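This report refers to the structure that appears directly beneath it.
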Amino acid sequence: QVQLVESGGGLVQPGGSLRLSCVASGSIFRIFAMGWYRQTPGKQRELVAQITPPGSTVYADSVKGRFTISRDNAKNMVSLQMNSLKPEDTAEYYCRHLLAESPSRVPTEYWGQGTQVIVSS
């Protein structure tokens, strides 16, 4: 069984920075993509940023130039550096890995438990 554990959320003032990290453990053969999503009450979960093992990245328009996603393939870890945070970045942040547990298994998505980010003065 694969588990994703997130860390790094918290309360920060507008303009501040936070770094989120997510480590996957368990039976992992290959990771196809790692990413961060966020969700606020009453809204759908939305993609914030995604990275594939070769290093290709995708960002939501609202975070381009402020957030940076990175990965450590050896540790099955993905991080999100969030700078110049705004109140509208307040949300529950979830990491997601798309991975295969063995060569015979189809890729499956796994989610972390979520970590709260609050941007407020």
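The values are calculated or read from the model by the stated rules, or taken from the named source; none is laboratory data. Here the structure is a predicted model, which means the values were calculated and not measured. All Cβ positions, even for glycine, are placed from backbone atoms using ideal geometry, and neighbour counts span all protein chains on display. These accessible areas exclude ligands, DNA and RNA; they are computed on the full protein's heavy atoms, side chains included. Shrake-Rupley method; radii C 1.70, N 1.55, O 1.52, S 1.80 Å.
General remarks:
- Condition check for TYR59 on (1) touching a Gly at 6+ places or on another chain (Cβ under 6 Å); (2) without any contact (Cβ under 8 Å) to a residue 12 or more places away in the chain: one failure, at (1).
- Conditions (1) under 12 Å from the mean Cα position of the chain (by Cα); (2) surrounded by 19 or more Cβ atoms within 10 Å (Cβ to Cβ): number failed by LEU99: (1)
- Single match in TYR94, TYR110 (criterion: open to solvent by less than 50 Å² (accessible area, probe 1.4 Å), closer than 14 Å to ARG19 by Cα, at pLDDT 95 or above and outside any helix (DSSP H, G or I)): TYR94
- A single entry from ALA33, ALA49 fulfils the requirement of being over 23 Å from VAL119 (Cβ atoms), touching a strand residue (DSSP E or B) at 6+ places or on another chain (Cβ under 8 Å) and either assigned to a strand (DSSP E or B) or open to solvent by 60 Å² or more (accessible area, probe 1.4 Å) (or both): ALA33.
- Selection count where residues are over 11 Å from the mean Cα position of the chain (by Cα) and open to solvent by 40 Å² or more (accessible area, probe 1.4 Å), scope the range 1-27: 10
- Number of positions in the range 36-46 that are in a strand (DSSP E or B) and surrounded by fewer than 19 Cβ atoms within 10 Å (Cβ to Cβ): 2
So that you can scan it fast, the table gives a plain yes or no per residue for (1) closer than 16 Å to LEU18 by Cβ; (2) open to solvent by less than 30 Å² (accessible area, probe 1.4 Å); (3) at pLDDT 95 or above; (4) assigned to a strand (DSSP E or B):
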residue	(1), (2), (3), (4)
PRO54	no, no, no, no
VAL58	no, no, yes, yes
SER70	yes, no, yes, yes
ALA74	no, no, no, no
VAL78	yes, yes, yes, yes
GLU88	yes, no, yes, no
